[in-house]
Amino acid sequence: MRHFWANVVGNQLVWLCAVVGAGHGLRWPAVLAAAAYVASQLWLSAQPGVELKLMVLAMACGLAVDGIAGATGAVVYAAHDATWLAPVWILALWASFAMTLTVSLAVLQRHRVAAVLVGLLLAPLAYLSAARGWGAVRFTAPAWQGVLLLGIGWSLALPLLAACARRWQSTAAPQPVHPSGERS
């Protein structure tokens, strides 16, 4: 149960570091927070290889979803120079998000429709919060187009990530855990 809460709270702290940092023109808070969080989740994981594969896939999804959103001009990211490539702080968020797919968001592995709906409806709310609360993201007028574009991207990416998490977890052999809590 401690791992569950560390997973939830840690991911939210990475998000906060990323958007506050980006809102102030800084990339490093996201990268540093994500690196610490990912390392902690890999250390706690029974299947770190699965987590690493999910992280790579999630970052590829981020390159596609946020790269397209930026390239269209519908979404403008703070602390970012190239409009056609997803910013590093967003990729750090995708890497951190991947760590939730086998722990706090594992339920999405069994409910594809829920994964689509979370991607379509809830993911854009995070971007809106980042935009309105910290200026980390800006939507060009009409804003609904950028929100919809991100929602569609996430509604495709999240079910893919959840399906891969389910498949990779079922095919990977967990590393044995000693009574002290350390993996061998």
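The values are calculated or read from the model by the stated rules, or taken from the named source; none is laboratory data. Since this is a predicted model, take the numbers as computed values, not measurements. Note that each Cβ is placed from the backbone with ideal geometry, even for glycine, and that neighbours are counted across all protein chains shown.
Structure above, values below:
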quantity: Residue that is surrounded by the most Cβ atoms within 10 Å (Cβ to Cβ), among those in the stretch 98-113 that are assigned to a helix (DSSP H, G or I) and out of contact with any helix residue (DSSP H, G or I) (no Cβ under 6 Å at 6 or more places or on another chain); calculated: Ala106
quantity: One residue from Ser129, Ser170, Ser155 being of a type in the set (Gly, Ala, Ser), modelled with pLDDT under 95 and assigned to a helix (DSSP H, G or I); calculated: Ser170
quantity: Filtered residue count, the stretch 132-146, keeping only those that are assigned to a helix (DSSP H, G or I), surrounded by 20 or more Cβ atoms within 10 Å (Cβ to Cβ) and not small (Gly, Ala, Ser); calculated: 0
quantity: Which numbered condition Ala18 fails, given (1) in a helix (DSSP H, G or I); (2) over 27 Å from Pro142 (Cα atoms); calculated: (2)
quantity: Selection within the stretch 122-165 - among the small types (Gly, Ala, Ser), farther than 18 Å from Val88 by Cα and out of contact with any helix residue (DSSP H, G or I) (no Cβ under 8 Å at 6 or more places or on another chain); calculated: Ala141, Ala143
quantity: Residues that are crowded, with 16+ Cβ neighbours inside 10 Å and farther than 10 Å from Ala92 by Cβ, drawn from the stretch 4-14; calculated: Ala6, Asn7, Gly10, Asn11
quantity: Residue list for the stretch 83-97, filter: part of a helix (DSSP H, G or I) and β-branched (Val, Ile, Thr); calculated: Val88, Ile90
quantity: Members of the stretch 128-150 found to be among the small types (Gly, Ala, Ser) and in contact with a Gly (Cβ under 7 Å, 6 or more places away or on another chain), listed by number; calculated: Gly135, Ala136
quantity: Members of the stretch 28-79 that are assigned to a helix (DSSP H, G or I), among the aromatic types (Phe, Trp, Tyr) and surrounded by 20 or more Cβ atoms within 10 Å (Cβ to Cβ); calculated: Tyr37
